[in-house]
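For reference, the structure discussed in these notes is given below.
Just so it is clear, none of the values below were taken in a lab; they were calculated from the coordinates. Everything numeric in this text was worked out from a predicted model, so none of it was measured. Every residue, glycine as well, gets a Cβ built from its backbone with ideal geometry; the counts of neighbours run over all protein chains shown.
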Amino acid sequence: MSLSIGIVGLPNVGKSTLFNALTHKSVPAENYPFCTIDPSVGIVAVPDSRLWKLSDFSESEKTIPAAIEFVDIAGLVEGASAGEGLGNKFLANIREVDAILHMVRIFEIQDDTGSEQTHVYGSIDPLRDIKVINMELILADIETVQNRMTKLVRDVKRGDKEAVFENDTCQKILEVLEAEKLANSISYSDDELAVVKGLHLLTMKPVMYGLNKKTGGKNLDTTDPEKFKAIINEITAAGSEYVLIDARTEHELSEFDAEEKELMREDLEHSDDGINDLITSAYTLLGLMTYFTTGKTETRAWTVKQGVSAPVAGSVIHSDFEQKFIRADVIESDVLLDLSSFADARAQGKLRTEGKDYIVKDGDVIEFRI
């Protein structure tokens, strides 16, 4: 399963710095044959302590984590929807990803040391920056919806019911967009949602925000708490999540091993690992969860959508697992780790046999029977 998150934002807000920090947590591409390999794509391991505990439990020869793709998309500028700054290319790149990580800079241009990092608008105003990017996505979607409505005119005039319904749905979306709101800010019926999905709108993609701070610098959360609170209110009101991250420090720390990294964190008074928080949040944003297979040869984390049945979960291993599914032996990872072996789990009645209707839960350890 190849799912990707596009890193977007204005120029010089820390997108590429974050991407470089993320790629230090990359995993071998050969383990993910369906992932696109490109300099701007990083296949990043999802941090999960359960995986490594299970690997130790089974004394596995190989351990393979779950992974997601992060795509470094060049900075958007005002006017991108009209082609400014290669905007059409950038918007096309956003259209291809499954979700958006919107990087927003919250540290000032000049820090206490006198060093400067310029901003495309010459000042720090995160709310303005958020609205600039959102407006470019909205304008691009307005064009998409209007183009679709133009193609429906003939069928609507002759009273085609499907065309009339699709046109009405497009009009509903258009009114939202023209009010400068994202298309995902309102609810849709199942039939309307089918129309919306066919439009591939940028503003229907799930969004999370990376608030890029600077350790030891002037950040809005310390220098202007009310302004920072306004940013958070704007984000959460839209139903989005956010992660505070110091992209530059995380990039620099990624060069060190675990022990050195902890010492550096102490010296910098930078205790949080924003990268791991960001990866985990991105995984959740995509509506994903993990189940495990474990044994002497390999322990592996498998990625599936939340709420899938056992046969569908098995299909990510091999399509035959869905078609020829008979049953699955299932145990929660934390329960298994408290026992001495699979045999012990079976003897104690902890290993359950589940059928085709079983809905897989995050953290399940599964052995499929076909």
Lysines with Cα under 26 Å of K324, excluding same-chain neighbours fewer than 8 positions away: K296, K305, K350, K356, K361
Anchor K151: lysines whose Cα lies under 18 Å away (excluding residues fewer than 8 positions away in-chain): K161, K172, K197
From phi via Karplus (6.51, -1.76, 1.60), per-residue ³J(HN,Hα) for the range 189-197 in Hz, x at Gly/Pro: 6, 4, 5, 5, 4, 4, 5, 4, 4
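If you keep only loop residues by DSSP, which trypsin sites (Lys or Arg not before Pro) in the range 177-256 have at most 16 other Cβ atoms within 10 Å of their Cβ?
Details: sites: K181, K197, K213, K214, K218, K227, K229, R248; in loops: K181, K213, K214, K218.
Here the sparse-neighbourhood loop sites are K181.
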Vicinal HN-Hα couplings computed from phi for the range 294-302 (Karplus, 6.51 cos²θ - 1.76 cosθ + 1.60; Hz; Gly/Pro x): 8, x, 4, 6, 7, 10, 9, 9, 10
Förster-model FRET efficiency, 30 Å R0, R95 and N276, C-beta, rounded to 0.05: 0.60
Cut-off under 5 Å, modelled amide H: who pairs with R105 long-range: N212
Local net charge near S341, Cβ-Cβ under 15 Å (Lys/Arg +1, Asp/Glu -1): -2
Proximal lysines to K229, defined as alpha-carbon separation beneath 19 angstrom and excluding residues fewer than eight positions away on the same chain: K131, K213, K214, K218
For a label point 7 Å along the Cα-to-beta-carbon line of K131, residues of the range 173-199 with backbone N under 15 Å: 179-182
Bins of 10 Å from zero: percent of alpha-carbon pairs in the range 317-370: 24, 51, 23, 2
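Could you calculate the FRET efficiency of T284 with R158 from 1/(1 + (r/R0)^6), where r is the beta carbon distance between them and R0 is 45 Å, rounded to 0.05?
Working: r = 46 Å, r/R0 = 1.03.
Computed FRET efficiency for T284 and R158: 0.45.
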Sequence-distant residues sharing a close amide H with E298 (under 5 Å, placed H): E61, K62
Rounded to whole Hz, the Karplus (6.51, -1.76, 1.60) HN-Hα couplings of the range 144-161, x for glycine and proline: 4, 5, 5, 4, 5, 5, 4, 6, 8, 3, 4, 5, 5, 4, 8, x, 4, 4
For V365, distant residues with modelled amide H under 5 Å away: F292, I331, E332, S333
Inter-label distance, nm, simple model (7 Å from Cα along the C-beta direction), I326/M149: 5.8
